[in-house]
Amino acid sequence: VHRTAVKKVVLEGVLDANDALAQANREKFDEAGTYVINLMSSPGAGKTSLLEHTLERMRGRLRLGVLEGDVQTTLDADRLARFHVPLVQVNTDPGFGGECHLDANMVRSGLSELPLHEMDILVIENVGNLVCPAEFRVGEDARVMVYSVTEGEEKPLKYPLMFRSADLVVVNKVDLLEHLDFDLEQFLGHLDTVNPGVERILTSARTGQGVDEWCSWLERRRGPSH
Ligand SMILES: Nc1nc2c(ncn2[C@@H]2O[C@H](COP(=O)(O)OP(=O)(O)OP(=O)(O)O)[C@@H](O)[C@H]2O)c(=O)[nH]1
Ligand SMILES: [Mg+2]
């Protein structure tokens, strides 16, 4: 019990420091008029695949930029380079000790590489992880969680913070539903248990299903004059 109490105090201190930096990021985004999405999921749910569709469809509609967060490699940024949008990769290892999430300070370090004033929307692709990213605000306007139907119906109950803190849940890989025992209604029921009525969009980054709806959501959220 004693050890738990000590750990909690330390974590609260870390989160307070993070919140102050998140607020500083927030002010930068507001000043530039950039709407910011924190895109989170477990590893491999389809964040980068969805971004590939998004950058393709949004060409000429809204000016997007991407901050890619990964423990290592520039593989995701390399996949997005062909869209020629402002793009920066932030690696949490070695620069930040291999953290399993982006925090406000790591995002701040990436912002110096991005022309915020030329961007209507910045998408921050967080490190693939269903726990840590939800604990750290980075100054975002909205949190979008990508969930893959291959992950199992019970995940909202087991990882409630991530599902509860999402403004939108993108339910991806629905093209695979016919091959799985996955019970979509049961999953949506669990989702409503932890985050009642949260917005949801069913997508497939394989077939493109739901991508238009997702892009419309983005445009609506950003609004005409952010
Ligand atoms: N069948 C199917 N496969 C998908 C879909 N979306 C993504 N994938 C595949 O899932 C794998 C992981 O996709 P990514 O887009 O790299 O996932 P991610 O969330 O960016 O992964 P990390 O950044 O490593 O956390 C790839 O092999 C994709 O081709 C989908 O809708 N349907
Ligand atoms: Mg990715």
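List the number of the failed condition for Ala77; all other conditions in (1) within 16 Å of ligand 1 (Cβ to nearest atom); (2) not in a helix (DSSP H, G or I) hold. Looking at each condition in turn, Ala77 falls short on (2).
Take the conditions at pLDDT 95 or above and in contact with a Ser or Thr (Cβ under 7 Å, 6 or more places away or on another chain) and apply them to Leu116. Does it pass? In short, yes. So, in the range 125-143, exactly how many residues are hydrophobic (A, V, I, L, M, F, W, C) and within 12 Å of ligand 1 (Cβ to nearest atom)? Number of matching residues: 2. Does the range 199-212 contain at least one residue that is in contact with a Lys or Arg (Cβ under 7 Å, 6 or more places away or on another chain), within 21 Å of Glu140 (Cα to Cα), in a helix (DSSP H, G or I) and in contact (Cβ under 8 Å) with a residue 60 or more places away in the chain? Scanning the range 199-212 turns up no residue that is in contact with a Lys or Arg (Cβ under 7 Å, 6 or more places away or on another chain), within 21 Å of Glu140 (Cα to Cα), in a helix (DSSP H, G or I) and in contact (Cβ under 8 Å) with a residue 60 or more places away in the chain.
If the condition is being surrounded by 19 or more Cβ atoms within 10 Å (Cβ to Cβ) and out of contact with any Leu (no Cβ under 6 Å at 6 or more places or on another chain), then the range 115-126 contributes Met119, Leu122.
Conditions (1) touching a Phe, Trp or Tyr at 6+ places or on another chain (Cβ under 7 Å); (2) among the aromatic types (Phe, Trp, Tyr), marked per residue:
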position: Phe163; (1), (2): no, yes
position: Val170; (1), (2): yes, no
position: Leu176; (1), (2): no, no
position: His179; (1), (2): no, no
position: Gln186; (1), (2): no, no
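From the list Val146, Val169, pick out the single residue that is without any contact (Cβ under 8 Å) to a residue 60 or more places away in the chain, surrounded by 19 or more Cβ atoms within 10 Å (Cβ to Cβ) and not in a helix (DSSP H, G or I).
Val169
Listed by first and then second residue, the pairs linking a residue in the range 75-103 that is touching a residue at least 40 places away in the same chain (Cβ under 8 Å) to a residue that is part of a helix (DSSP H, G or I) and more than 14 Å from ligand 2 (Cβ to nearest atom), with Cβ atoms under 8 Å apart and 6 or more places separating them unless they lie on different chains, are Asp103/Asn18; Asp103/Leu21.
Out of curiosity, is Val85 under 30 Å from Val174 (Cβ atoms) and touching a Cys at 6+ places or on another chain (Cβ under 8 Å)?
Details: under 30 Å from Val174 (Cβ atoms): yes; touching a Cys at 6+ places or on another chain (Cβ under 8 Å): no.
Taking the combined requirement at face value, the residue does not satisfy it.
Look at the range 39-51: where a residue is among the basic types (Lys, Arg) and a partner is buried (at least 23 other Cβ atoms within 10 Å of the Cβ), sitting 6+ places away or on another chain with Cβ atoms under 7 Å, you get Lys47/Leu39; Lys47/Ser41; Lys47/Glu125; Lys47/Val146. Within the range 35-52, restricting attention to residues that are of a type outside the set (Ser, Thr, Tyr) and near ligand 1 (Cβ under 8 Å from one of its atoms), the residue that is surrounded by the most Cβ atoms within 10 Å (Cβ to Cβ) is Lys47. Residues that are under 20 Å from Leu111 (Cβ atoms), outside any helix (DSSP H, G or I), modelled with pLDDT of 95 or more and within 18 Å of the chain's Cα centre (by Cα) do not occur anywhere in the range 10-32.
Taken over the range 56-87, the criterion of being more than 13 Å from ligand 2 (Cβ to nearest atom) and within 20 Å of Arg143 (Cβ to Cβ) is satisfied by Met58, Leu62, Leu64, Gly65. Residue check: is Leu50 closer than 11 Å to Glu125 by Cα, not basic (Lys, Arg) and not in a strand (DSSP E or B)? For Leu50, the condition - closer than 11 Å to Glu125 by Cα, not basic (Lys, Arg) and not in a strand (DSSP E or B) - is met. Candidates are the residues of the range 106-143 that are within 16 Å of ligand 2 (Cβ to nearest atom) and part of a loop (DSSP other than H, G, I, E, B); the one that is nearest to Trp214 (Cα to Cα) is Asn126. Residue count for the range 98-109 satisfying the condition of being within 17 Å of the chain's Cα centre (by Cα), under 11 Å from Asn25 (Cα atoms) and surrounded by fewer than 19 Cβ atoms within 10 Å (Cβ to Cβ): 2.
The values are calculated or read from the model by the stated rules, or taken from the named source; none is laboratory data. Keep in mind that this is a model prediction, so the values were computed, not measured. All Cβ positions, glycine included, derive from the backbone under ideal geometry; neighbour counts span all protein chains shown.
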